[in-house]
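Each remark here refers to the structure printed beneath this line.
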Amino acid sequence: RADGWRVEFLGVDTPIDTAIAFADRIGATMLCISATRSESVDVLRIALAPHGPRPTAALVIGGAAIDPETARELRAIYADGRLDLAVARLRKLATA
């Protein structure tokens, strides 16, 4: 928000397909998802399976349960575990 971005917080229990539909409906540039537990990563894998819904926005994932390899597997952009690097990456995406 400090950079002038419109930020919508959907909540921890928002289904992935609902978040994708919302991001598409509002014309979001990025859909950022955080996964802090391995169970959350399993949910992401199922929801983002090859034939599952994909956002038109850039999909950015991060959190304690995400690493670069998992992000690649999910065809997403990795939000680095370090806050300063994650913010830098998001800023670069927003201006691309």
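Find the relative contact order for the chain and round it to a whole percent, using C-alpha pairs within less than 8 Å whose residues are 6+ positions apart. Show your work: numbers first, answer last.
Numbers: 105 pairs, mean separation 22.5, N = 96.
Answer for the chain is 23 percent.
Per residue, how much space in cubic angstrom lies within the convex hull of the C-alpha atoms of the range 49-96?
Details: hull volume 3.6 nm³, N = 48.
Measuring per residue, one finds 74 Å³ for the Cα hull of the range 49-96.
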- Message: Please check: in the Gaussian network model of the chain (C-alpha springs, under 10 Å), which one of Asp84, Asp17, Asp42 has the largest mean-square fluctuation.
- Response: Asp84
- Note on the structure: Put Thr70, Thr18 in order of accessible area, largest first, probe 1.4 Å, and you get Thr18, Thr70
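Would you kindly calculate the translational diffusion coefficient of the chain, applying Stokes-Einstein with the Kirkwood radius from alpha carbon pairs, for 25 °C and a viscosity of 0.890 mPa s, and quote it in µm² s⁻¹ without decimals? Intermediate values should be presented prior to the final figure.
Values: Rh = 13.6 Å.
D = 180 µm²/s.
What's the longest piece of the chain with no exposed trypsin sites (Lys or Arg not before Pro), counting a site as exposed if DSSP puts it in a loop and it has at most 13 other beta carbons within 10 Å? Kindly include the intermediate steps, with their values, before the conclusion.
On the way: sites that count: Arg1, Arg6, Arg37, Arg75, Arg82.
The reported range is 38-74.
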- Item | Gaussian network model of the chain, springs between alpha carbon atoms under 10 Å - residue of Ile33, Ile46, Ile77 with greatest fluctuation | Ile46
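Taking only protein heavy atoms into account and a 1.4 Å probe, give the accessible area per residue of the chain in Å². Don't skip to the end; give the middle numbers.
Details: 6380 Å² over 96 residues.
With the other protein chains kept in place, the chain gives 67 Å² per residue.
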- Task: Could you check how much of the accessible area of the chain is carbon and sulfur, as a whole percent, using a 1.4 Å probe?
- Result: 55
- Task: Compare Phe22, Phe9 by solvent-accessible area with a 1.4 Å probe and give them largest first, with all protein chains kept in place.
- Result: Phe9, Phe22
- Message: Counting just the Cα atoms, what span does the range 1-52 cover along each of its three principal axes? Round to the nearest Å and put the largest first.
- Response: 33, 24, 16
- Message: Can you compute the charge dipole magnitude of the chain about its Cα centre, using +1 on each Lys and Arg Cβ and -1 on each Asp and Glu Cβ, nothing else charged? Give it in debye, rounded to the nearest 20.
- Response: 340
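The values are calculated or read from the model by the stated rules, or taken from the named source; none is laboratory data. Just so we're clear, the structure is a prediction, and the values are computed from it rather than from any experiment. Backbone-built Cβ (ideal geometry, glycine too); neighbour counts: all protein chains shown. To get the accessible areas, we keep the full protein, side chains included, count just its heavy atoms, and leave off ligands, DNA and RNA. Shrake-Rupley method; radii C 1.70, N 1.55, O 1.52, S 1.80 Å.
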